[in-house]
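Asks: Let me give you the structure first, and then I'll get to my questions.
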Amino acid sequence: MNVLVIGSGGREHALAWKLEQSSLVKKVYVAPGNGASGRIDLNPNNVKEVSDFCVDNHIHCVLIGPEEPLSNGLADHLIKTHPDLIVFGPTRDGAQLETSKSFSKQFMKEYGLPTADFVTVSADNVKSLDSVFERVPWKKSVVKADGLAAGKGVIIPKDNEEAKNAARSILEGEFGSAGHTVIIEERLEGYEVSALAFVDGISFKRMPLGKDHKRLLESDLGPNTGGMGVVAPVEVPSEVNCQIDEIFEKTLKGLANRKIKYCGVLYAGFMIVNNKPYLLEFNCRFGDPETQVLMRLLESDLFENIRSCVQQTLSKCEIQWSTKSVCGVVLASGNYPKSGDKGSPIRKIPPPDDTNVVFHAGTSIINNQIVTNGGRVLCVTSVGETLHEAREQANKIASEIEFSGKQFRRDIGKSLDTVTPSLSYGASGVNIDEGNQFVEDIKTLVKKTLLPGANQIGGFGAVLDLKTAGFKNDCQLVVGIDGVGTKIEVATHCKNFSGVGYDVVAMCVNDVICHCAKPIAFLDYFVCGKLDRSMATQVLASISDACVEAGCSLIGGETAEMPGVYSTHQWDLAGCAIAARESTWPMLPLSTSIQEGDVIIGLPSSGLHSNGFSLARKVLAVNGVEYSAKLPWDQTKTFGEELLAGTKLYVKTVLPLLTEGLVKGCAHITGGGLTENVIRVLDKNSDVQLVIDCAKWKPKEIFNWIASAGPVETKEMIRTFNCGIGMVLVVAKEFVDTVKSKIDSECFEIGRVKKSTNGEKIKFLNESHLFDQYKYQVNRKRVKVAILISGTGTNMQKLIERSKAPDSNCEVVVVVSNKETAGGLKIASSYGIPAKCVPHTADRVTGETIMAQVLKDYGTELVCMGGYMRILSPYFIAQFPARIINIHPSLLPSFKGSHALQDALDFGAKVVGCTAHFVDELVDHGDIIAQRPVMVEDGDTIETIRQKIQVQENEMFPNAMVAVAKKILAE
């Protein structure tokens, strides 16, 4: 791969240096370059000139370093004119985050990103400055030019009078058109950190935090500069780190809301005030001198990182960073930052080694002599086990380098290691006092649950006296543990925590009673990123109420605050139920006694209980339904309220039936739905099966809505949800009436036990009666897809399965093979998809004319090549222009043809992979849709690599189909 790095500073030298270490990179060009990288005579602000250079020099990747070419739309132009080019840098729209500070501040305000209060003033209103400063409520201001000012457009005055003069000077032309508008914002007091992240438009991956030193002189005195040095990594409290992550997440969502696909590096400068980060600014590219230090820390392949951003596979890209410290010290010319110096010889620059690398920023070469050519001339970077060691080494090298007027700061990062503050648990994000107070808050809630034989919380454990609790000496214990799952996401979104405690208790005690055991004690596990006492108390109050209803004591638990592991608003909940049983009670299930003729009784659920919420949330999301939306069948309730209905407790209803010996088997319907749970009552060698008639009960309407709005097939519903039956009892025929009379609520006879003729343990009858699949169905427009195959169609199956997902925008309408014996035809038919054979003909056009007509008869809008072993003719391709996609087992444009993988291995490639692309008249040539890399590791054979590629194909190709369909629907 040939790479072009745009820019001429220390940042670009560092990036080129790192890219040259990649095994995937053949040559790196730097334009316009400097004394270290060589000068390519290229104007980065002339988009045509850059574009022509890429063609003439076979450039595969362009990395845009400075902000000016980005603001001029260089990325936009290259993406449009060279769709195969890897362009790393945001479009003009994305670059506005840096190129217009007024845009950036409004963006922060709109999307709730914490930043200093501000006002904007345009040059047309320069006369209003006096009144502006009279109105602002803050005493100290920062003044910023709206546009690009070469890193000098931020002024930090000593008071508002000086700020007013600075604002007037900018508005009157100090920075030209960049100062047509100024931003006057409140000056925040705290400490600064620089947070950079790789961004692919969907996800981000942070780089180590750094600390930049902007002031020219030591002790942070003198004028602001573009940066006099930087150290990394910098540690901040985990709470701050989590908040920075949240700010990046909100930023990406904001960009997506504005239809801006941001690919590149996003730089966020933060002021940390009382452990809260405030955004000072965004930069839309690598920082300088941050980049020089970060490239010394980066242990991964920079080119791989760049490619993953462009291909939107960043979430799967593993990025490794060194744990050592790096200090970067900038050597500037004597008159910097007012102007730069040119032509002064530079001597004693040491060659790079593992400890020290000197990056060139403002240098050039005249008569084979490196000379100064700017304000910031060099950046010395040194690695050390400690920050102190790194700084001492960098200062030593900086002192030895010689050129006229050299100035540099010797205190870069010194403020971080002169005083080592005493750390506390609170400083790491855990508030012990808050946790202790929470325990006091809930003692009353716990106390009301206590029964004889159990004692109060507060010790290291709790004692259960079973004899005092009423059990005999030979009793047995039964223990069950469970959680609430993703139902907590709904609770968090709705800010309704009054029912989740019921869920966690019910999920556990409903399990243990299936073994004919009485719940006597319960313990909870509540974990969060930051303890919210009010919310946690609601949860514990709900647990307490459920324990009272279940007749068991809440004897303790664990409340864990885990900042850094969980984000601020993340939490989870689990519980453990302890039950006891008399040895004389039946040891359920009585599997060997379950026989033909026994009756299956179902007890209704209160709703979804706590299972299937990932699917339920998906159905809501793909239909654009908010939790606050009213139910179509009950306008007095919302979807959130319906989903958060507490799990039903069956202890009081069911346990007496079990202890009296009236039930042979009891099954709690949890994860796995009816399909997986009811069969737990059977012996694995049993010759009977459970036959359940789906026409015997009517589920709550929420299940009907999910089934039809998804749409979700009935079989999938039955194996995911309880579908209206929360507990199942298997009862001998002679006890059915007695059992039904003792159940104090509604119940249903839902089936019978019968002899099994085929070894199946469960069978469902009248599945079509369970849901009205059309009642709430939303007729979302879908793209009609045809799949072409020649064999078993491994990729075909994945395409079909993806098309049937709730969020799919595709419908596979026909599968066509050129071979009658293709195994994929039978598989397609098993999915209910028409399967056709159109064999080859002597002249290719005749056969493909027939095939094209078959596809058109089914209304085909998109064609997927699911293993079609024949090159399509130009005639066929012309029938579906830009609507045929294929998967190829290499990283195109490298290694084309049927032997691509073998060719890649023969070449010695260490990275292979697969490419989803459009099909055109040339072989393996059309526009690339997506790619996935696969590493070639020691011991790999062509077969093991082929298997790894197949795994990637099975995931990437169906998603490529969905992505292309989305674009078709948007046309």
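The values are calculated or read from the model by the stated rules, or taken from the named source; none is laboratory data. Computed from a predicted structure; not experimentally measured. Every residue, glycine among them, receives a Cβ derived from its backbone with ideal geometry; neighbour counts consider all protein chains shown.
Asks: Kindly list the number of the only condition in (1) in a helix (DSSP H, G or I); (2) in contact with a Cys (Cβ under 7 Å, 6 or more places away or on another chain) that fails for A667.
Replies: Failed condition: (1).
Asks: What's the total number of residues in region 374-418 that are in a strand (DSSP E or B), of a type outside the set (G, A, S) and out of contact with any Gly (no Cβ under 8 Å at 6 or more places or on another chain)?
Replies: Applying the first criterion (in a strand (DSSP E or B)) to region 374-418 yields 374, 376-384, 402, 407.
This time we only want the ones that are of a type outside the set (G, A, S), so: 376-381, 383, 402, 407.
Next, only the ones that are out of contact with any Gly (no Cβ under 8 Å at 6 or more places or on another chain) stay: 383, 402.
Qualifying residue count, region 374-418: 2.
Asks: Still on this structure, I have one more. Based on this model, can you work out whether P157 counts as out of contact with any Pro (no Cβ under 8 Å at 6 or more places or on another chain), part of a loop (DSSP other than H, G, I, E, B) and surrounded by 15 or more Cβ atoms within 10 Å (Cβ to Cβ)?
Replies: When the stated conditions are applied, P157 passes them.
Asks: Condition first: over 22 Å from the mean Cα position of the chain (by Cα) and either assigned to a loop (DSSP other than H, G, I, E, B) or acidic (D, E) (or both). Now tell me which residues in region 485-535 satisfy that.
Replies: Within region 485-535, K495, N496, F497, S498, G499, D503, D511, C516, A517, D524, L531, D532 meet the criteria.
Asks: Does V240 satisfy the criteria of being among the β-branched types (V, I, T), part of a helix (DSSP H, G or I) and at pLDDT 90 or above?
Replies: Taking the combined requirement at face value, the residue satisfies it.
Asks: Another question about this same structure. Of the residues that sit in region 340-351 and are touching a residue at least 24 places away in the same chain (Cβ under 8 Å) and surrounded by fewer than 16 Cβ atoms within 10 Å (Cβ to Cβ), which one is nearest to T386 (Cα to Cα)? Can you show your working first?
Replies: Just the residues of region 340-351 that are touching a residue at least 24 places away in the same chain (Cβ under 8 Å), to begin with: 340-350.
Okay, now just the ones that are also surrounded by fewer than 16 Cβ atoms within 10 Å (Cβ to Cβ), so 342-343, 345, 347-348, 350.
Numbers: K342: 36, G343: 37, P345: 33, R347: 29, K348: 26, P350: 22 Å.
Filtering first and then ranking leaves P350.
Asks: Another question, if that's okay. As an exercise: evaluate Q947 against (1) more than 27 Å from the chain's Cα centre (by Cα); (2) over 22 Å from I79 (Cβ atoms); (3) surrounded by fewer than 13 Cβ atoms within 10 Å (Cβ to Cβ) and give the number of the one condition it does not meet.
Replies: Result: Q947 fails condition (1) only.
Asks: With the checklist (1) over 24 Å from the mean Cα position of the chain (by Cα); (2) surrounded by fewer than 22 Cβ atoms within 10 Å (Cβ to Cβ); (3) modelled with pLDDT of 95 or more; (4) not acidic (D, E) in hand, flag the one item V231 doesn't pass.
Replies: Looking at each condition in turn, V231 falls short on (2).
To keep it simple, each residue is scored yes or no on (1) under 28 Å from I59 (Cα atoms); (2) assigned to a loop (DSSP other than H, G, I, E, B); (3) of a type outside the set (A, V, I, L, M, F, W, C).
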site: I887; (1), (2), (3): yes, no, no
site: P893; (1), (2), (3): yes, yes, yes
site: L922; (1), (2), (3): yes, yes, no
site: R932; (1), (2), (3): yes, no, yes
site: P958; (1), (2), (3): no, no, yes
site: A965; (1), (2), (3): no, no, no
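Asks: Any residue at all in region 812-821 that is assigned by TED's automatic domain parsing to the domain that holds Q952, among the hydrophobic types (A, V, I, L, M, F, W, C), surrounded by fewer than 23 Cβ atoms within 10 Å (Cβ to Cβ) and outside any loop (DSSP other than H, G, I, E, B)?
Replies: yes
Asks: Hey, another quick one. Name every residue in region 174-188 that is in a loop (DSSP other than H, G, I, E, B) and either closer than 19 Å to E161 by Cα or at pLDDT below 80 (or both), in order of residue number. Walk me through how you get there before you give the answer.
Replies: First, the residues of region 174-188 that are in a loop (DSSP other than H, G, I, E, B): 175, 180, 187-188.
Listed by number, the residues that qualify are F175, R187, L188.
Asks: If I go through region 737-761 residue by residue, how many of them are modelled with pLDDT under 95, among the β-branched types (V, I, T) and within 21 Å of V688 (Cα to Cα)?
Replies: Matching residues across region 737-761 total 1.
Asks: Same structure again: Across region 9-27, what is the number of residues that are closer than 18 Å to G264 by Cβ and without any contact (Cβ under 8 Å) to a residue 60 or more places away in the chain?
Replies: Final tally of qualifying residues: 2.
Conditions (1) closer than 27 Å to L588 by Cα; (2) assigned by TED's automatic domain parsing to the domain that holds M717, marked per residue:
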{"site": "S606", "(1), (2)": "yes, no"}
{"site": "G612", "(1), (2)": "yes, no"}
{"site": "L615", "(1), (2)": "no, no"}
{"site": "V619", "(1), (2)": "no, no"}
{"site": "V625", "(1), (2)": "no, no"}
{"site": "L631", "(1), (2)": "no, no"}
{"site": "D634", "(1), (2)": "no, no"}
{"site": "F639", "(1), (2)": "no, no"}
{"site": "L657", "(1), (2)": "yes, yes"}
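Asks: Which condition does A805 not pass, out of (1) outside any strand (DSSP E or B); (2) surrounded by fewer than 19 Cβ atoms within 10 Å (Cβ to Cβ); (3) of a type outside the set (V, I, T); (4) touching a residue at least 24 places away in the same chain (Cβ under 8 Å), if it passes all the others?
Replies: Failing condition for A805: (4).
Asks: A follow-up question, please. For region 712-795, list the strands (runs of 3 or more DSSP E) that sit wholly inside it and hold at least 2 residues that are in contact (Cβ under 8 Å) with a residue 12 or more places away in the chain and touching a Lys or Arg at 6+ places or on another chain (Cβ under 7 Å); which are they?
Replies: On the way: elements: 725-731, 748-755, 762-765, 783-789.
Output list reads 725-731, 748-755.
Asks: Name the residues in region 216-238 that are touching a residue at least 60 places away in the same chain (Cβ under 8 Å) and farther than 20 Å from F359 by Cα, would you?
Replies: L217, E218, S219, P223, N224, V234, P237, S238
Asks: Ok, one more. Only one residue in G343, G328 is farther than 26 Å from D93 by Cα and touching a helix residue (DSSP H, G or I) at 6+ places or on another chain (Cβ under 7 Å). Which one?
Replies: Values: G343 fails: touching a helix residue (DSSP H, G or I) at 6+ places or on another chain (Cβ under 7 Å).
When all the criteria are applied, what remains is G328.
Every residue, every condition in (1) more than 31 Å from the chain's Cα centre (by Cα); (2) crowded, with 19+ Cβ neighbours inside 10 Å, yes or no:
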| position | (1), (2) |
| --- | --- |
| G10 | yes, yes |
| L15 | no, yes |
| L19 | no, yes |
| Y29 | yes, yes |
| S37 | yes, yes |
| D41 | yes, no |
| P44 | yes, yes |
| E49 | yes, no |
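Asks: Give D124, D130 a once-over and let me know the one that is farther than 30 Å from G229 by Cβ and either in contact with a Cys (Cβ under 6 Å, 6 or more places away or on another chain) or without any contact (Cβ under 8 Å) to a residue 12 or more places away in the chain (or both).
Replies: D124
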